[in-house]
Amino acid sequence: MATSFDEMLADGSPEAVVKLAALEETADQVAAACKLTQLQLKSIHDYVLRHGSRLGTKTIVTIGCVIHLHDIATGEHDSVDLQEKLLEDLGVKRTQGFRLKNVWRHCGPALMAEPELLDLFCVESLKLISGPNVGDEARAACCDRARSGERITIKVAKELIDLFREPDVPSSEATEDADKEPEIAPVAEDDTPTDLPTPTTTKSKMEPADVAAVEAMPLEPQTPETTLLTFRGSVVRFVVEPIVPSSSTKLDDVVADVEEFLSVLKRKRERVIQAKSSTAAEVGVHV
């Protein structure tokens with residue numbers, strides 16, 4: 001009787017492999033695996049890699065497409081609540097739904113025109129190059145690499161995205177200002193203390209008791225402390241601010257909400273323009 005491994009070696013469909021595997025006991029699969037040669041093991045590895053990539057990428061492209069179409073249909077009827085309900089019923093977070101739609105909008109049509117490329121993309125690399133901040137040049141470079149037979153892994157996708165990313169070029173004024181030595185404004189004589197500590201170039205070691213005291217300090221925002229030191233004959237005011245815990249705002253969710261809000265506004269604007277055009281046409285006919 002043919003096993004699921006035999007079906008994989010014969011390059012059968014994933015559906016056929018799954019049907020056979022569902023009828024097998026784990027012990028039987030282990031026994032069949034022990035009989036595999038190194039060449040057959042390599043063939044099974046290539047089979048899983050090829051079909052696993054295709055199933056994963058084809059699935060997210062398909063889901064992204066239908067969610068995209070659902071958004072258009074519900075948006076035209078101002079049924080935004082149905083969009084939220086769909087994601088909730090599918091068990092998909094808003095951020096994840098936003099990424100799936102981006103996969104279709106930025107990469108879906110091109111990949112469906114060349115479905116053989118789906119075998120060479122992994123799910124996460126496809127999500128990476130579908131990001132709203134990724135340029136078309138990076139996506140085209142990924143497709144060109146895939147056409148040459150190279151697998152587009154997460155590492156390859158990141159390298160190509162970075163390669164075509166536009167660098168942040170500082171302005172000439174900002175560069176000149178950065179090269180200048182900072183000027184320190186002297187403090188008025190009336191405000192200058194008579195006994196100011198002078199900083200030295202040597203670093204002092206903290207005692208164990210001081211280290212323990214610092215580690216025990218609370219992370220809640222504290223009142224900034226001001227210290228005056230002499231520096232090159234002038235008085236420098238240092239403002240020491242405590243560490244503030246990083247914000248827990250999820251930027252991906254914020255971006256997703258803004259994108260969805262803008263898409264709704266865009267569709268409403270298009271309907272208003274169409275309505276005005278229709279009214280103008282009717283007026284012209286009556287006249």
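Can you find, within the range 113-152, the residue that is nearest to Thr95 (Cα to Cα) among those that are in a loop (DSSP other than H, G, I, E, B) and touching a Gly at 6+ places or on another chain (Cβ under 9 Å)?
Taking the candidates together, the pick is Ser130.
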Is it the case, given these coordinates, that Leu82 is touching a Ser or Thr at 6+ places or on another chain (Cβ under 6 Å) and at pLDDT below 90?
yes
Return the only residue of Asp162, Asp190, Asp168 being at pLDDT below 85, within 26 Å of the chain's Cα centre (by Cα) and either loosely packed, with under 11 Cβ neighbours inside 10 Å or within 29 Å of Glu260 (Cα to Cα) (or both).
Asp168
Selection from the range 113-138 of residues that are of a type in the set (D, E, K, R), in contact (Cβ under 8 Å) with a residue 12 or more places away in the chain and surrounded by fewer than 15 Cβ atoms within 10 Å (Cβ to Cβ)
Glu114, Glu124, Glu137
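The values are calculated or read from the model by the stated rules, or taken from the named source; none is laboratory data. Quick caveat, the model's predicted, so the values are computed rather than measured. Positions of Cβ are backbone-derived with ideal geometry, glycine not excepted, and every protein chain shown enters the neighbour counts.
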